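Shown next, in structure tokens, is the structure this report addresses.
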Amino acid sequence: MEQQPLELRKLRDFGQVISDSFTFFKENFKPLITSLLTICGFLLLIGTVTTVFTYMNMGNMYGNMNASGLGIYNTAYFISLGFNTLVIFLTQVFIMIVTLSYISVYLQKNNQTPTVADVWGYFKYYFFRIIGSGFLLFLMLIAGMVLCIIPGIYLSPIFYLVIPIIVIENSSFKYALDKSFRLIKENWWFVFGVIFVMGLIVGVSDSIATVPLTIIGAAGKFISLKSISLPLIILFSLLHSVIMLAYSLQSTAVALCYFDLSEQKDGTGLLSRIDKIGLGNTNNTTLPPEEY
């Protein structure tokens, strides 16, 4: 029997949000990864190169700890580290936008697989709106942290929902922010828990590459590994870039949080299916049972 596509607009508990994030990623693995590599591939490549230079400079810095040229190695290391951090941050932003664009197209096409062209069209349309919104959210988060750490922590889950609302509902920043505050009321711990768990999963996965890279870089202080260090750094830097695609899981989980909260507050999924009654769409019979 052919497996039916995952229905996004439905109520979910905490465990279902986590498990369905992996289910969606698995069901859409090939087209989603193709879209991610097509749109984010250049940044992933730059990230690999900058990671290699960062950890090579780390090894040089530790290996010349007592040399007179330490200042030069320090400068090279921190410049490469800063550039690498910027590239990784931009890559994460691109992955988030691509994933949310994919999910939005998936919804528009009634749970059918989007093409790369579809995702690219949404990506271009929302890119600058999301960058601007993200900058405003960053300033607001910094202001919350400056006032007190607690407000900054409280605002973080709320702000996580803003970007999915903008993309999925094609809304303005103000509308998305207002709706995010409304949706998260009495659900703060739910959203925070999902973000924390998915961040932990992605972070642990990423450590598979970053821990060996750090060990190889720091080992330059004690032993000479020139013959094998560069190939290992290149290998684990490439692995680090590949694992970064897992950040798509976190974006998917946040989107599923949005769908769940929207169902609780507005019943958008139920209303959408009611609107389709009588339209002659035979695909309606394949929808999963309602959970209300």
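For residue 102, the conditions (1) within 24 Å of residue 202 (Cβ to Cβ); (2) touching a residue at least 60 places away in the same chain (Cβ under 8 Å); (3) among the aromatic types (Phe, Trp, Tyr); (4) out of contact with any Pro (no Cβ under 8 Å at 6 or more places or on another chain) are fulfilled apart from (4).
Do we have residue 149 as more than 28 Å from residue 191 (Cβ to Cβ), modelled with pLDDT under 90, out of contact with any Leu (no Cβ under 7 Å at 6 or more places or on another chain) and among the hydrophobic types (A, V, I, L, M, F, W, C) here?
No; evaluated as a whole, the condition is false for this residue.
Where helices (runs of 4 or more DSSP H) fall wholly inside the stretch 155-248, the ranges with 3 or more residues that are under 14 Å from the mean Cα position of the chain (by Cα) and within 21 Å of residue 44 (Cβ to Cβ) are 188-219, 226-243. Right, residue 138: free of Cβ contacts under 8 Å to residues at least 40 places away in the same chain and within 20 Å of residue 252 (Cα to Cα) or not? Judged against the criteria, residue 138 is not a match.
Residues in the stretch 109-126 that are in a helix (DSSP H, G or I), in contact with a Phe, Trp or Tyr (Cβ under 9 Å, 6 or more places away or on another chain) and touching a residue at least 24 places away in the same chain (Cβ under 8 Å) were compared, and the one that is farthest from residue 167 (Cα to Cα) is 119.
Of all residues in the stretch 162-194, those being in contact (Cβ under 8 Å) with a residue 60 or more places away in the chain and under 21 Å from residue 16 (Cβ atoms) number 10.
Answer yes or no as to whether residue 106 is in a helix (DSSP H, G or I), surrounded by 13 or more Cβ atoms within 10 Å (Cβ to Cβ), modelled with pLDDT of 90 or more and out of contact with any helix residue (DSSP H, G or I) (no Cβ under 8 Å at 6 or more places or on another chain). Considered against the rule, which asks whether it is in a helix (DSSP H, G or I), surrounded by 13 or more Cβ atoms within 10 Å (Cβ to Cβ), modelled with pLDDT of 90 or more and out of contact with any helix residue (DSSP H, G or I) (no Cβ under 8 Å at 6 or more places or on another chain), residue 106 comes out as yes. Restricting 261, 270 to residues that are modelled with pLDDT of 90 or more, surrounded by 12 or more Cβ atoms within 10 Å (Cβ to Cβ) and assigned to a helix (DSSP H, G or I) narrows the list to 261. Looking at residue 85, is it within 20 Å of residue 161 (Cβ to Cβ), in a helix (DSSP H, G or I) and not charged (D, E, K, R)? For residue 85, the condition - within 20 Å of residue 161 (Cβ to Cβ), in a helix (DSSP H, G or I) and not charged (D, E, K, R) - is not met.
Scanning the stretch 81-114 for residues that are under 17 Å from residue 128 (Cβ atoms) and among the hydroxyl-bearing types (Ser, Thr, Tyr), which turns out nearest to the chain's Cα centre (by Cα)? Filtering first and then ranking leaves 101.
Just give me the residues in the stretch 1-18 being exposed (fewer than 14 other Cβ atoms within 10 Å of the Cβ) and out of contact with any Ser or Thr (no Cβ under 8 Å at 6 or more places or on another chain), in sequence order. Step through it out loud before you land on a result.
Here is the first cut: in the stretch 1-18, the ones exposed (fewer than 14 other Cβ atoms within 10 Å of the Cβ) are 1-4, 13, 15.
Result: 1, 2, 3, 13, 15.
Any chance the stretch 28-44 includes a residue that's within 30 Å of residue 215 (Cα to Cα), surrounded by fewer than 21 Cβ atoms within 10 Å (Cβ to Cβ), out of contact with any Pro (no Cβ under 8 Å at 6 or more places or on another chain) and small (Gly, Ala, Ser)? So far as the stretch 28-44 goes, yes, one or more of its residues are within 30 Å of residue 215 (Cα to Cα), surrounded by fewer than 21 Cβ atoms within 10 Å (Cβ to Cβ), out of contact with any Pro (no Cβ under 8 Å at 6 or more places or on another chain) and small (Gly, Ala, Ser).
The values are calculated or read from the model by the stated rules, or taken from the named source; none is laboratory data. From a predicted model like this one, the values you see are computed outputs, not experimental measurements. Neighbour counts run over all protein chains shown; Cβ positions are idealised from the backbone, glycine included.
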